[in-house]
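The values are calculated or read from the model by the stated rules, or taken from the named source; none is laboratory data. Every value quoted in this text rests on a predicted model; they were computed, and no experiment measured them. Because the Cβ atoms are built from the backbone with ideal geometry, glycine has one as well, and the counts that use them run over all protein chains shown.
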Amino acid sequence: MSLPLEVRNLYIASDRYSLKAGSGNIGLVQDFVNTISAGRTIRGVDLLDNPEDATAWASAAWQELGVRESVPVLDNEDLEPLRRFRSTLMSALAGSGGTGMPASSGPSAAKATLSLEDGQVRLASAAASGYRAVVAEILRALYDAQLEGESRRLKICPNEWCRVAFYDRSKNNGAIWHDSSSCGNIANVRASRARQRDRMRAQFSAN
């Protein structure tokens, strides 16, 4: 499935939230996570909600983000396994505890092959179709990103009204929020108000 450029750009998931994706493998993983309906101010539709959008996303991502395998065609039976896998992946990226996400048992394994190309050993997802092809390719991309040291820079914004996946470009990999001026500022204001309430309760109790 080949999409015209103007249509293809609508289905690059991270673009919907004005996020600059990481390059190569990590960019593909980030874009898959951002198929979710997320964002604090702009909430895009869930691109895994119907087979037409899901297949269009896969086509756009495969073409724009450098996947060599053929684009998988997705149907209704593929949607729930993909959403569960996405939830599992988001939980892993967000870290254990306090994620506010339900436990998930989505598919998390896929077959792969090793090959020697240009003097380097490469991992490629084995032939598959439907959601299995997407899971295999995302896991392959994440594996390569781990070897490249890039996976540690892919994070989930902890703002519960946001939850987008962003690539941390800070020198020390210390970013917490995808946008400190919006999500981070809101969190700081809430924390400040909570401290003020605690002080007022303490003063009231003392009196």
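In the stretch 110-120, the qualifying residues are those that are among the aliphatic types (A, V, I, L, M) and at pLDDT below 80, and the one that is nearest to the chain's Cα centre (by Cα) is A110.
Among residues that are modelled with pLDDT under 75, more than 19 Å from V71 (Cβ to Cβ) and in a loop (DSSP other than H, G, I, E, B), G100 is included. Take the conditions (1) surrounded by fewer than 18 Cβ atoms within 10 Å (Cβ to Cβ); (2) under 22 Å from the mean Cα position of the chain (by Cα); (3) at pLDDT below 85; N172 misses just one of them, which is (3). When the criteria are applied in full, S91 fails the requirement of being modelled with pLDDT of 80 or more and in contact with a Gly (Cβ under 8 Å, 6 or more places away or on another chain). Which pairs have Cβ atoms under 6 Å, sit 6 or more apart or on different chains, and link a residue in the stretch 12-27 that is farther than 16 Å from A60 by Cβ to one that is part of a helix (DSSP H, G or I)? Cβ pairs passing all conditions: G22/Q30; N25/A141; N25/D144; N25/A145; I26/A145. Just one of the numbered conditions (1) modelled with pLDDT under 90; (2) of a type outside the set (G, A, S); (3) out of contact with any His (no Cβ under 7 Å at 6 or more places or on another chain) is not true of Y143: (1).
Can we say E69 is modelled with pLDDT under 95 and either loosely packed, with under 15 Cβ neighbours inside 10 Å or not in a loop (DSSP other than H, G, I, E, B) (or both)? Please lay out each step first, then the result.
On the way: modelled with pLDDT under 95: yes; either loosely packed, with under 15 Cβ neighbours inside 10 Å or not in a loop (DSSP other than H, G, I, E, B) (or both): no.
No, not satisfied.
Taking the criterion of being of a type in the set (S, T, N, Q) and touching a residue at least 40 places away in the same chain (Cβ under 8 Å), the residues of the stretch 49-91 that qualify are T55, S59, Q63.
The rows are residues; the columns are (1) over 15 Å from K155 (Cβ atoms); (2) among the β-branched types (V, I, T); (3) at pLDDT below 90.
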| residue | (1), (2), (3) |
| --- | --- |
| S18 | yes, no, yes |
| S23 | yes, no, yes |
| Q30 | no, no, no |
| D46 | yes, no, no |
| E52 | yes, no, no |
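Of everything in the stretch 46-66 that is under 18 Å from the mean Cα position of the chain (by Cα) and under 12 Å from G130 (Cβ atoms), the residue that is surrounded by the fewest Cβ atoms within 10 Å (Cβ to Cβ) is T55.
Pairing each residue of the stretch 116-144 that is farther than 16 Å from A61 by Cα with any residue that is surrounded by fewer than 23 Cβ atoms within 10 Å (Cβ to Cβ) and aromatic (F, W, Y), provided the two are 6+ apart or on different chains, yields C-beta distances under 8 Å for L123/Y143.
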